[in-house]
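Everything on this sheet refers to the single structure shown next.
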Amino acid sequence: MSATHFITLPTFHRKRIFQNERFGEVLTEVLMHSRRQFDILLHDYVIMPDHAHLLLTGEVPVAQLINALQKEFAKEIALQFGYAGEVWESQFDDQEIKSAKDCAECAKHIHSNPVRVGFCDKPGEYRMSSTGSRWLLDPLPEALRAETTQTA
């Protein structure tokens, strides 16, 4: 059964490796490739200098997915840039999303993260995120889409 997750992936000792936007581009490409490889839906993401947030839906166990993503990213930056240091903390945060309200709050957190720390004025201005990306992402499951109410 598919489940939607809000995941936070901290870098090793919060090292700011994603200050290098090229590393952020590689992580984005790994995420996009993983959608097909693991049959997941990626709804939102943001890559900050020392962590990344993902909002995704899939059937694969989250620990297995994250382990594969982390390994693939580390392999790619070693190949492309010769980076041999530690990349990720072994622990990550995972929150299963069960309501449209929780989902909307997680998406808001993702979108506002670069604004909150002063990297940009509006979410769409930050390139290492789903709002500033050139990639087309996946829609949320029907049950997690925020309902709009109209008053008469």
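Every read-out reported here was derived from the displayed coordinates using simple, explicitly stated rules and does not represent laboratory data. In this text the structure is predicted, and so the values were computed from the model without any measurement. Cβ: placed from backbone, ideal geometry, glycine included. Neighbour counts: every protein chain shown.
For this structure, a couple of remarks:
- Length gained when the stretch Gln91-Arg16 is fully extended (0.36 nm per residue, less Cα-Cα span): 25.3 nm
- Given charges at Cβ of Lys, Arg, Asp, Glu: the range 3-140 dipole, positive-most of Phe6, Pro114, Ala78: Pro114
- In plain terms, the residue of Glu76, Glu86 with the fewest other Cβ atoms within 10 Å comes first and the most crowded comes last, giving Glu86, Glu76.
- Between 0 and 90 degrees, the angle of helix 100-116 with respect to the longest Cα principal axis of the chain falls at about 50 degrees.
- The range 73-152: chymotrypsin sites (Phe, Trp or Tyr not before Pro) falling in loop per DSSP and having at most 14 other Cβ within 10 Å: Trp135
- A straight chain from Asn67 to Leu136 at 0.36 nm per residue would run longer than the Cα-Cα distance by 22.4 nm.
- Ordered by the number of other Cβ atoms lying within 10 Å of each residue's own Cβ, fewest first, Leu137, Leu79, Leu54, Leu9 fall into the sequence Leu79, Leu137, Leu9, Leu54.
- Most mobile of Val30, Val117, Val87 in a GNM of the chain (Cα contacts under 10 Å): Val117
- Cβ charges +1 (Lys, Arg) and -1 (Asp, Glu), total dipole of the chain, debye: 320 debye
- Pairwise Lys count, the chain - Cα closer than 19 Å, eight or more residues apart or different chains: 4
- Length released on extending from Leu41 to Leu79, taking residue separation times 0.36 nm less the Cα-Cα span: 11.0 nm
- For Gly58, net neighbour charge (Lys/Arg +1, Asp/Glu -1) across residues whose Cβ lies under 11 Å away: -2
- Over all other residues within a Cβ to Cβ distance under 15 Å of Trp88, the charged ones net out to -2, with Lys and Arg as +1 and Asp and Glu as -1.
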